[in-house]
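Asker: Sharing a structure below in structure tokens format, with a few things to ask.
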């Protein structure tokens, strides 16, 4: 498992600076992840609302007041270029990736 997010800072527009538990800091542009997606992401298109991002202290994930969150593992993978671990079990592989 990758390190969790420990802090986040809104820079401008849809850009955030994210710091992970191991000290790695990276900047992300969330524009493509938010703009035009609708649904729960709709409120995040408003930059004032987007800037209300925080860190869930238990999950170590980025969160917004409406419940949208972004997985710290995916963000860490993008920040460092480290591939995401594969969590597929032998049983799920036998069922085409689905456990029944």
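The numbers here are math on the coordinates, done by the rules we state, and not lab data. Values in this document were obtained by computation on a predicted structure and should not be read as measured data. Neighbour counts are summed over all protein chains in view; Cβ atoms, including those assigned to glycine, are modelled from backbone coordinates with ideal geometry.
Asker: Taking segment 1-25 as the search range and keeping residues that are in contact (Cβ under 8 Å) with a residue 40 or more places away in the chain and part of a loop (DSSP other than H, G, I, E, B), which one is nearest to the chain's Cα centre (by Cα)?
Answerer: 4
Asker: Moving to a separate point now. Is it true that some residue in segment 42-61 is within 16 Å of residue 77 (Cα to Cα) and within 14 Å of the chain's Cα centre (by Cα)?
Answerer: yes
Asker: Please work out which residue is farthest from residue 82 (Cα to Cα), limiting yourself to segment 31-42 and to residues that are out of contact with any strand residue (DSSP E or B) (no Cβ under 8 Å at 6 or more places or on another chain) and touching a residue at least 24 places away in the same chain (Cβ under 8 Å).
Answerer: Per the stated criteria, the residue is 40.
Asker: Restricting the search to segment 43-72, which residues are in contact with a strand residue (DSSP E or B) (Cβ under 9 Å, 6 or more places away or on another chain) and farther than 23 Å from residue 2 by Cβ?
Answerer: 47, 50, 51, 52, 65
Asker: While we're here: In segment 49-79, which residues are free of Cβ contacts under 8 Å to residues at least 60 places away in the same chain, assigned to a helix (DSSP H, G or I) and closer than 19 Å to residue 25 by Cβ?
Answerer: 74, 78
Asker: What about residue 28, is it touching a residue at least 40 places away in the same chain (Cβ under 8 Å), in a loop (DSSP other than H, G, I, E, B) and either in contact with a strand residue (DSSP E or B) (Cβ under 9 Å, 6 or more places away or on another chain) or surrounded by 14 or more Cβ atoms within 10 Å (Cβ to Cβ) (or both)?
Answerer: no
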